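Student: Pasting a structure below so you can have a look.
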Ligand code: ATP
């Protein structure tokens, strides 16, 4: 989990590593805390606004004039087959890629031009685990909290307990699922307005996935915060997302409230809807 660095240029990797620490964080699991957004954003303004975003990698068009708007306080599920463009879209939201065509605004700001203004309000997690392996869990927590003025010690301790993470364990010796939990802890112990999860279920066992991740995502949205997460697990998306955006070959083929999608495709699972929409 945590920041996906695979496929990034060296300078991008360094930038992400720095930014993750000053960018990550969030919510409250068992004990929701009142939200105080240090933001000039109006309640009705979209947290993410993407207009005609196009991105090519050589001859490959990864995103083709993608437009999507995400108001605050909801959970947005981003679904699509391998290579559909989900991570590329998320990287634009994080300012890790510059829009070649079109525009990306997060909190009304350009994440490339104003990375501090944007990233200090975003918690970002990815399936790729790039936590410092030489640190212990408690060192990771101490290290991370130094970057976050709003770090919540009590909540971090609670999450460490919930995730059954041994304080003395070295990160490099943790299992994939344990590393994922450690990454999630670092992201959650701070309270960003927007949580971005790139395939967060990767490496998590079904219990963590369903009970913890699901609860975290729901709590965040219930607090008026916003979650954008990509996933291959459509049943999981169906469980927690308020709104689903489907990408196929770099194009948005469907983007609507989950309830509307289900109503329009009576009797079909999201899986079936996705397959039929992607093939249409
Ligand atoms: P997955 O579910 O497998 O992670 P995805 O939906 O996240 O896939 P992306 O990683 O966004 O898809 O990739 C979209 C397309 O862009 C793919 O064809 C991919 O090979 C290509 N692509 C992404 N990043 C790069 C890059 N840095 N260089 C070249 N091609 C890239």
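Student: According to a simple spin-label model (label point 7 Å from Cα along Cα-to-Cβ), what is the distance in nm between residue 210 and residue 268?
Tutor: Computed distance between label sites residue 268 and residue 210 equals 2.6 nm.
Student: Using bins 10 angstrom wide from zero, how does P(r) for region 177-280 break down, in % of all Cα pairs?
Tutor: Each 10 Å bin holds this share of Cα pairs: 13, 45, 31, 10, 0.
Student: Ignoring solvent entirely, what values of log10 I(q)/I(0) come out of the Debye formula for region 62-221 at 0.11, 0.16, 0.18 Å⁻¹ when each Cα is a single scatterer?
Tutor: Values returned for q = 0.11, 0.16, 0.18 Å⁻¹ are -0.47, -0.98, -1.21.
Student: Between residue 172 and residue 110, what is the label-to-label distance in nm when each label sits 7 Å out along the Cα-to-Cβ direction?
Tutor: 4.1 nm
Student: Between residue 150 and residue 52, what FRET efficiency comes out of the Förster formula 1/(1 + (r/R0)^6) with R0 = 35 Å and r the beta carbon distance, rounded to 0.05?
Tutor: Given R0 = 35 Å and the Cβ-Cβ separation, E is 0.50.
Student: Compute the semi-axes of the equivalent ellipsoid of region 110-199, taking the square root of 5 times each eigenvalue of the Cα gyration tensor, and list them largest first in whole Å.
Tutor: One finds semi-axes of 23, 15, 12 Å for region 110-199.
Student: Percent of Cα-Cα pairs per 5 Å bin, from 0 to the last occupied bin, for region 162-218, please list those.
Tutor: Per 5 Å bin, starting at 0, the Cα pair percentages come out as 4, 17, 32, 25, 16, 6, 1.
Student: With no solvent and one equal point scatterer placed on each C-alpha of region 40-102, evaluate the Debye formula and give log10 I(q)/I(0) for q = 0.11, 0.29 Å⁻¹, two decimals.
Tutor: -0.27, -1.38
Student: Between Rg and the Kirkwood Rh of region 193-232, both from Cα atoms, what is the Rg to Rh ratio?
Tutor: Rg divided by Rh gives 0.97.
Student: Let me ask something additional. Regarding region 71-110, what's the average projected area of the Cα-atom convex hull, expressed in nm²?
Tutor: Mean orientational projected area (region 71-110, Cα hull): 3.4 nm².
Student: Highest mean first, how do 175-187, 111-123 rank when packing is the count of other Cβ atoms within 10 Å averaged over residues?
Tutor: Top to bottom by mean Cβ count within 10 Å: 175-187, 111-123.
Student: May I pose another question? With just the Cα atoms of region 48-152, tell me how far they stretch along each of the three principal axes, in Å, largest first.
Tutor: 44, 28, 26
Student: Moving to a separate point now. Using a Förster radius of 30 Å, what is the FRET efficiency between residue 103 and residue 249 based on their Cβ-Cβ separation? Nearest 0.05, please.
Tutor: 0.90
Rule-based calculations on the coordinates, nothing more; no lab input. Computed from a prediction, not measured in an experiment: that's the story for all the values here. Cβ: placed from backbone, ideal geometry, glycine included. Neighbour counts: every protein chain shown.
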